[in-house]
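Engineer: Quick one: the structure is below, questions incoming.
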Amino acid sequence: MKHSQRQDTYRHQGLRNQLIRSIREKGISDPAILAAMEKVPRHFFFDSSFLEYAYEDQPFPIGAGQTISQPYTVAFQTFLLNIRKGEKVLEIGTGSGYQACILAELGAKVYSIERQKTLYDRTRNLLTEMGYQRIKLFYGDGYKGMPSFAPFDKVLVTAAAPYIPAPLIQQLKPGGILVVPVGDEIQIMTTIYKISETEVRKEEHGNFRFVPMLEDKAKER
């Protein structure tokens with residue numbers, strides 16, 4: 001991964017190590033996930049004015065009404081996905097691109113949809129600059145998934161869904177996993193295990209807060 005003109009200093013690496021320790025203390029012990037998060041410089045996804053916030057375990061606004069998720073939440077959703085190297089993963093809500101990079105570091109083939117054009121353009125440029133050309137980004141409506149590239153081994157939704165969109169379950173392979181925060185004001189982190197084309201099993205994992213998942217592409221300004 002090349003970092004071009006962006007700097008990942010010893011100070012940044014030290015702050016990242018502190019963040020990883022904090023996430024481990026909160027119960028995420030998977031060494032592959034922690035190693036991926038240690039490798040990806042989260043401050044690259046922040047405007048330079050806000051770099052001091054990059055390694056706090058908090059969400060942060062990234063424009064267009066969206067946020068970069070709290071690192072613990074990224075780790076927890078990634079843990080629920082149970083990524084295996086080489087799996088095809090559909091991400092709904094590219095946002096800053098940070099979560100997509102974590103999935104890529106775990107060896108996933110990432111297909112990610114973003115409905116805000118400004119974010120899509122900015123993140124596509126950033127990921128290219130960081131050397132993540134293999135992450136495939138698309139501008140579109142996440143509720144529809146990505147039928148032309150289906151089926152997927154795993155599907156991750158990184159925004160609050162008022163309901164679980166049927167196309168996302170349809171585009172999942174039997175044996176696949178969908179992780180989605182479901183709800184309006186407060187969301188319940190939900191895992192859907194696709195047993196077969198006609199059977200799914202659902203598990204719930206407590207309350208979280210995400211920005212809403214919106215239908216249709218954002219209108220051009």
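The values are calculated or read from the model by the stated rules, or taken from the named source; none is laboratory data. Not measured: the values here are computed from a predicted model. Glycine gets a Cβ as well: all are built from the backbone with ideal geometry, and neighbour counts include every protein chain shown.
Engineer: Take the residues of segment 165-183 that are in a strand (DSSP E or B) and farther than 15 Å from Q77 by Cα: which is nearest to the chain's Cα centre (by Cα)?
Structural biologist: L172
Engineer: For segment 187-201, which residues satisfy the criterion of being out of contact with any strand residue (DSSP E or B) (no Cβ under 6 Å at 6 or more places or on another chain) and among the polar types (S, T, N, Q)?
Structural biologist: T198
Engineer: When residues of segment 140-170 are filtered for being touching a Phe, Trp or Tyr at 6+ places or on another chain (Cβ under 6 Å) and crowded, with 16+ Cβ neighbours inside 10 Å, how many remain? Even if it seems obvious, please write down each step before you answer.
Structural biologist: Initially, segment 140-170 is screened for residues touching a Phe, Trp or Tyr at 6+ places or on another chain (Cβ under 6 Å), giving 146, 149, 159-160, 165.
Applying the additional criterion that residues be crowded, with 16+ Cβ neighbours inside 10 Å yields 146, 159-160, 165.
So the answer is 4.
Engineer: Of all residues in segment 130-149, which are small (G, A, S), free of Cβ contacts under 8 Å to residues at least 60 places away in the same chain and part of a loop (DSSP other than H, G, I, E, B)?
Structural biologist: Selection gives G145 alone.
Engineer: Answer yes or no as to whether I113 is crowded, with 24+ Cβ neighbours inside 10 Å, modelled with pLDDT of 95 or more and β-branched (V, I, T).
Structural biologist: No, not satisfied.
Engineer: Moving on. Scan F60, F45 and give me the residue that is within 19 Å of the chain's Cα centre (by Cα), touching a residue at least 60 places away in the same chain (Cβ under 8 Å) and surrounded by 13 or more Cβ atoms within 10 Å (Cβ to Cβ).
Structural biologist: Selected residue: F45, the only one of F60, F45 that is within 19 Å of the chain's Cα centre (by Cα), touching a residue at least 60 places away in the same chain (Cβ under 8 Å) and surrounded by 13 or more Cβ atoms within 10 Å (Cβ to Cβ).
Engineer: Could you check how many residues of segment 191-219 are touching a helix residue (DSSP H, G or I) at 6+ places or on another chain (Cβ under 9 Å), surrounded by 13 or more Cβ atoms within 10 Å (Cβ to Cβ) and under 23 Å from R84 (Cβ atoms)?
Structural biologist: 5
Engineer: What are the pairs, 6+ residues apart or on separate chains, where a residue within segment 161-177 that is on the phi < 0 side of the Ramachandran plot has its Cβ under 8 Å from a residue that is exposed (fewer than 15 other Cβ atoms within 10 Å of the Cβ) and part of a helix (DSSP H, G or I)?
Structural biologist: P167/P147; Q171/P147
Engineer: Here's a check for you: in segment 85-121, which residue that is in a loop (DSSP other than H, G, I, E, B) and touching a strand residue (DSSP E or B) at 6+ places or on another chain (Cβ under 6 Å) is farthest from V155 (Cα to Cα)? Talk me through it step by step, then tell me what you get.
Structural biologist: Just the residues of segment 85-121 that are in a loop (DSSP other than H, G, I, E, B), to begin with: 85-87, 93-97, 106-108, 115-116.
In the following step, the residues that additionally are touching a strand residue (DSSP E or B) at 6+ places or on another chain (Cβ under 6 Å) were identified as 87, 94-96, 108.
Numbers: E87: 11, T94: 12, G95: 16, S96: 18, A108: 11 Å.
Looking at the filtered set, the residue picked out is S96.
Engineer: If you go through segment 59-84, how many residues are over 22 Å from R16 (Cβ atoms) and not in a loop (DSSP other than H, G, I, E, B)?
Structural biologist: The total comes to 3.
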